[in-house]
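K.L.:
Questions regarding the structure given below will be posed in turn.
The values are calculated or read from the model by the stated rules, or taken from the named source; none is laboratory data. No experiment lies behind these values; they were computed from the predicted model shown. Methodologically, a virtual Cβ is constructed for each residue, glycine included, from the backbone with ideal geometry; neighbour enumeration extends over all protein chains shown.
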Amino acid sequence: MWLRISCDMTFDITIPTPFILMLRLRSGAQQWIASEKYSIKPMVPVFEFTDSYGNLCQRLIAPVGPFAIQTSVTVMIADQVDQQSGAPFVDIENLPEAVLSYLLPSRYCESDRFGDMAAEITAGQSLGYDQVKAIETWLRDTIRFEPSGSDELVSAAEVNVRQWGVCRDLSHLGIALCRSLSIPARLVEGYLYGLEPMTFHAWFEAYVGGRWYTFDATQAELKGGYVAIGYGRDAADVAIYNQFGPPVSPTYQSVCVELIDESDV
């Protein structure tokens with residue numbers, strides 16, 4: 001399917017403020033970027049780099065006053081999300097080196113605290129994909145999804161205690177449970193066609209059967225429409241923006257994801 005995605009954000013800057021942005025998509029196995037526009041007003045010097053997870057990031061210093069960021073991208077993605085019941089667990093010694101970091105506890109995914117719980121949730125499941133699917137189902141049935149909940153960053157352990165969260169929170173808990181079973185798992189930040197209300201979205205991927213598979217406990221079923229912006233161990237690695245200095249939040253933010261015909265590309 002072809003999607004056209006746009007994102008507009010405006011900040012009110014009180015002092016010159018350094019930013020690191022993560023708003024450029026990259027082509028990969030699951031998505032192809034056909035065209036892209038990226039504008040900043042007022043225009044300032046921008047330095048782009050690729051972080052340690054392969055995400056495209058932009059560094060800049062926002063000047064005092066209104067500061068606007070606008071992106072638009074046309075992307076082709078698969079009509080369906082790949083699923084593979086029975087995909088096997090990959091022994092640690094056979095994992096690619098780039099995947100190993102996704103086995104370890106991280107700031108918002110305290111996987112060293114969930115071993116017994118994960119074993120209980122996945123009891124009787126074949127090792128690998130079926131274990132992760134059981135975790136996804138447990139999250140959907142147990143943790144209340146609040147799409148308009150708090151923006152406060154909380155850890156997997158905190159989500160498990162309070163029993164509700166936004167998409168990022170459910171993903172953090174899913175990642176922690178997977179890692180406690182020695183299944184590599186990572187957070188993905190991006191967009192989802194048909195999401196209501198429309199905004200940025202987060203889900204998680206687990207490495208089984210020799211590749212990454214998508215899981216999302218906030219949706220009744222997996223379907224096409226997932227577009228990735230960034231990958232990381234948890235939300236600390238895939239923030240759409242980081243700013244340094246006095247806290248600043250967007251005074252305006254809009255995200256639009258629309259289905260288009262191939263003839264309109």
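K.L.:
Specify the residue that is farthest from ARG186 (Cα to Cα); the eligible residues are those in segment 51-70 that are in contact with a Lys or Arg (Cβ under 9 Å, 6 or more places away or on another chain) and either among the hydrophobic types (A, V, I, L, M, F, W, C) or not in a loop (DSSP other than H, G, I, E, B) (or both).
P.N.:
For segment 51-70, the residue satisfying everything is PRO66.
K.L.:
List the residue pairs whose Cβ atoms are under 7 Å apart, where the first residue sits in segment 82-98 and is assigned to a loop (DSSP other than H, G, I, E, B), the second is modelled with pLDDT under 95, and the two are 6 or more positions apart or on different chains.
P.N.:
GLN83/LEU222
K.L.:
Restricting attention to segment 15-24, does a residue exist that is surrounded by 16 or more Cβ atoms within 10 Å (Cβ to Cβ), under 22 Å from ALA228 (Cα atoms) and touching an Asp or Glu at 6+ places or on another chain (Cβ under 8 Å)?
P.N.:
So far as segment 15-24 goes, yes, one or more of its residues are surrounded by 16 or more Cβ atoms within 10 Å (Cβ to Cβ), under 22 Å from ALA228 (Cα atoms) and touching an Asp or Glu at 6+ places or on another chain (Cβ under 8 Å).
K.L.:
State yes or no: is MET76 surrounded by 19 or more Cβ atoms within 10 Å (Cβ to Cβ) and assigned to a strand (DSSP E or B)?
P.N.:
Judged against the criteria, MET76 is not a match.
K.L.:
Another question about this same structure. Of all residues in segment 240-265, which are within 30 Å of ASP79 (Cβ to Cβ) and not in a strand (DSSP E or B)?
P.N.:
Residues satisfying the conditions are ILE240, ASP261, GLU262, SER263, ASP264, VAL265.
K.L.:
A follow-up question, please. Does segment 51-62 contain any residue that is within 26 Å of SER155 (Cβ to Cβ), of a type in the set (Gly, Ala, Ser) and either touching a helix residue (DSSP H, G or I) at 6+ places or on another chain (Cβ under 6 Å) or not assigned by TED's automatic domain parsing to the domain that holds TYR252 (or both)?
P.N.:
no
K.L.:
Moving to a separate point now. Pull out all pairs, ordered by first then second residue, where Cβ-Cβ is under 6 Å, the residues are six or more apart or on different chains, the first lies in segment 130-156 and is under 11 Å from ARG168 (Cα atoms) and assigned to a helix (DSSP H, G or I), and the second is at pLDDT 95 or above and of a type in the set (D, E, K, R).
P.N.:
ALA156/GLU110
K.L.:
So which residues in segment 181-206 are surrounded by 24 or more Cβ atoms within 10 Å (Cβ to Cβ) and over 13 Å from the mean Cα position of the chain (by Cα)?
P.N.:
If the condition is that a residue be surrounded by 24 or more Cβ atoms within 10 Å (Cβ to Cβ) and over 13 Å from the mean Cα position of the chain (by Cα), then ILE183 is the only one that fits.
K.L.:
For the subset of segment 120-157 comprising residues that are crowded, with 16+ Cβ neighbours inside 10 Å and of a type in the set (S, T, N, Q), which member is farthest from the chain's Cα centre (by Cα)?
P.N.:
THR122
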